[in-house]
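Here's the structure, in structure tokens; my notes come after.
The values are calculated or read from the model by the stated rules, or taken from the named source; none is laboratory data. Predicted model, so just to flag it, every value in this text is computed and none were measured. Cβ coordinates were reconstructed from backbone atoms using ideal geometry, including for glycine residues, and neighbour counts include every protein chain displayed.
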Amino acid sequence: MAMKRLVRPSLPFMLYLLLAILLAMVPVVCLLSLVDSMGVRQELETNAGDFREKTASGIALSMKLLDTGIKLFDTTLNHEMQEGFGPFIAEYERAGRDPGAMDLLRVKEQIGGRMDLYIISESGVIEYTTYSPEQGYDFTGIPSFYDRITEIRLGDAFLADRVVAEISTGELRKYAYMPSPDHRYLFELGLAESEFRQYRRALNYRETVQELVDTNPDILEIRIFNCLGERIAGEVHPDDDARLAMVRQAYRERTTLEVENATAGELTRYLFVDMSDSEYASDMSMVVELTYTTKAAEAKLAGMLGKHAGILLVAVLCIGCLSALVAHSLTRPIRILVEDVDAVAHGDLDHPLRVSGDEEFVHLAESISAMVASLKETMWKLRESEEEIIRHSHVLEEQVRERTAELEESNRMAALYLDIMGHDINNANNVANLYADLLLADLEGEPEAELLRKARMGLTKSIEIVRNVNTLQHIQGGERRLEPIALDPLIRREIERSPLARITYAGTTATVLADDLLPEVLVNLLGNAAKFGGPGVGITVLVEEQDGEVLVSVEDTGPGIPDAIKSRLFGRLARGTQRAAGTGLGLYICRTLIERYGGRIWLDDRIAGRPECGAAFRFSLRKVGEGGSP
């Protein structure tokens, strides 16, 4: 017996084992290294975040301490400014509570000439003042401050403010507020002293936090902004518009915001330092912009990853060497056994199998030895069986030849008997049909005429059966050569043979590929239309030439065929539902012949969607061109 050869692997088993060990160990080492790297990265990020938070907390605390010192100085002026409101209110009453009639310059001189006077209307606009640069300033542009001074105007108490920068000139002033007796206006005093700037210069926010900034090497720059978003410390940047938007957002939300620029390796924090005080109108809170570099942490992380990669490479090399030694030791018994089995496979069935290694390899060698012994016995039996099969095959070939000759002789005799029976039965039927026509003419009008007419119908059906059987015999008798056949004379000949039917046909010049059995198709279709259409049925034969084929239609005006039986009408022995239904072979023969000619046959309604208005049998045939080719 021919045995199918096994496909040898492209690589030795030892290499597969080595790869398996590496695939098992290397992912574990890589996973441990990855986990450690992620831990170190997280630790670096946590430490950097904690350091930033501590720096931010220190900066906020330092600025609040500095602000507390400034506040102590600002408070020393409160009493002096509160006394200044006495002459201010007295002048308001003297003018009949009409600010336009007040002599503000005289009041300024009366209170020492160091403080300017301001009268703020309900709408938050400075309508009258001794300090012209701020005449007409509208505080509604600072909603939070406007809400605060409105609250003071509607109250009854004196309220001192902090020393803040004047809006129009930036000059430092100490402000204080007092509502008018009728609460229509808010009176304001502004004290400007040269020592304010000198004192503020001595207490500088930038210098206060610089020591904390120097302890954090990751800080690249620090800038400080007041509540109005004005820069009070630090350098100008080209992108200050975007940065000021972040400053105002941090102040508005009173929180700390972060913006990271991964491309530049920078992290900018906008630290909100809350220094608001309900006892003062102005909010002294500030926003500190701290710019950190992330490159140092990334450099540390890159160095750590490089060390891990080196350790991982050394570990993989060590694992690979150990795996190679283990794989070589484990596969040595297998290699010896493979050498012995190869010798057996090349025909040396008596080659001994060397056994070494563990118990499993000993059992494997014993099993292979038993298999070889069984193979030798099987081969001996196969040789005997092969000789016996050869002897039987010679006997069977002779018997097949004899049976084939007998079968061919039986088929010839059966065909001969069918031809004789068809010829003799047809002759007898034709004679009986002729006499029946003569008797029917003589008995016209007699009661016996109906009986004779039924007998004649039986003879007609018998003739149809014999014709169908002969046709089937010719179809099954083997392949017949197709040749060009002109349709027009064939159709006219079959119409002439159906004198009882009223048939309309316009003629055609088409030539198709068929054989001498094609008339059987028209005989069956015209006969069915005449038989099932009833008295006075109209039959129309149409021929249409299409691309490469000819479509023939046989339409009738009879009762039509229900949709329920259309799908099975062309099956073998399929019959209709009417009493005049035939043997069920006619349409089956039509379908068999048309398919043999390379066409197809089907049934439609003569009028689409109205089966009761008649049937239309259609079939297609291959068209023959002018040169005689299909």
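Before moving on, here are some points about what is shown:
- Just so you know, in the stretch 502-529 the residues that are among the β-branched types (V, I, T) and part of a strand (DSSP E or B) include one that is nearest to R591 (Cα to Cα), and it is V512.
- From the list G533, G560, the lone residue that is surrounded by 19 or more Cβ atoms within 10 Å (Cβ to Cβ) and under 59 Å from the mean Cα position of the chain (by Cα) is G560.
- Residue within the stretch 142-153 that is of a type in the set (G, A, S) and either in contact with a strand residue (DSSP E or B) (Cβ under 6 Å, 6 or more places away or on another chain) or in contact (Cβ under 8 Å) with a residue 12 or more places away in the chain (or both) present: yes
- Single unsatisfied condition, Y177 versus (1) assigned to a loop (DSSP other than H, G, I, E, B); (2) modelled with pLDDT of 90 or more: (1)
- Scanning the stretch 125-175 for residues that are in contact with an Asp or Glu (Cβ under 6 Å, 6 or more places away or on another chain), of a type outside the set (F, W, Y), closer than 23 Å to S285 by Cβ and crowded, with 17+ Cβ neighbours inside 10 Å turns up R162, V163, R173.
- Residue match in the stretch 253-276 (condition: part of a loop (DSSP other than H, G, I, E, B), of a type outside the set (S, T, Y) and buried (at least 17 other Cβ atoms within 10 Å of the Cβ)): yes
- Single unsatisfied condition, T215 versus (1) touching a helix residue (DSSP H, G or I) at 6+ places or on another chain (Cβ under 7 Å); (2) at pLDDT below 90; (3) over 26 Å from R252 (Cβ atoms): (1)
- Residue count for the stretch 334-349, restricted to those that are in a loop (DSSP other than H, G, I, E, B) and not hydrophobic (A, V, I, L, M, F, W, C): 3.
- Selection within the stretch 596-610: residues that are in contact with a strand residue (DSSP E or B) (Cβ under 9 Å, 6 or more places away or on another chain) and hydrophobic (A, V, I, L, M, F, W, C). The member of this set that is modelled with the lowest pLDDT is I607.
- The condition of being at negative phi and part of a loop (DSSP other than H, G, I, E, B) does not hold for D161.
- Among residues of the stretch 79-89 being surrounded by 15 or more Cβ atoms within 10 Å (Cβ to Cβ) and not acidic (D, E), the one that is farthest from the chain's Cα centre (by Cα) is P87.
- Condition check for N427 on (1) modelled with pLDDT of 65 or more; (2) farther than 30 Å from A345 by Cα; (3) not aromatic (F, W, Y): one failure, at (1).
- Selection count where residues are at negative phi, modelled with pLDDT of 90 or more and not polar (S, T, N, Q), scope the stretch 611-623: 8
- Of all the criteria given as (1) under 18 Å from P143 (Cα atoms); (2) within 46 Å of the chain's Cα centre (by Cα); (3) surrounded by fewer than 18 Cβ atoms within 10 Å (Cβ to Cβ), the one not satisfied by L228 is (2).
- Unique residue being modelled with pLDDT under 75 and under 60 Å from the mean Cα position of the chain (by Cα) when the list is V355, V341: V355
- In the stretch 90-124, of all residues being in a loop (DSSP other than H, G, I, E, B) and exposed (fewer than 11 other Cβ atoms within 10 Å of the Cβ), the one that is modelled with the lowest pLDDT corresponds to G113.
- The residue that is nearest to E279 (Cα to Cα), counting only those in the stretch 60-76 that are buried (at least 17 other Cβ atoms within 10 Å of the Cβ) and hydrophobic (A, V, I, L, M, F, W, C), is I70.
- Test: residue in the stretch 280-301 that is closer than 30 Å to S367 by Cβ, surrounded by 13 or more Cβ atoms within 10 Å (Cβ to Cβ) and touching a Ser or Thr at 6+ places or on another chain (Cβ under 9 Å): no
- Subset of the stretch 125-140 that is in a helix (DSSP H, G or I) and under 60 Å from the mean Cα position of the chain (by Cα) - its residue that is nearest to E166 (Cα to Cα): F139
- Residue in the stretch 181-197 that is touching a strand residue (DSSP E or B) at 6+ places or on another chain (Cβ under 7 Å), modelled with pLDDT of 85 or more, surrounded by 12 or more Cβ atoms within 10 Å (Cβ to Cβ) and among the basic types (K, R) present: no
- Unique residue being modelled with pLDDT of 90 or more, over 51 Å from the mean Cα position of the chain (by Cα) and on the phi < 0 side of the Ramachandran plot when the list is L593, L587: L593
- Filtered residue count, the stretch 253-284, keeping only those that are farther than 26 Å from P143 by Cβ, at pLDDT 80 or above and not charged (D, E, K, R): 5
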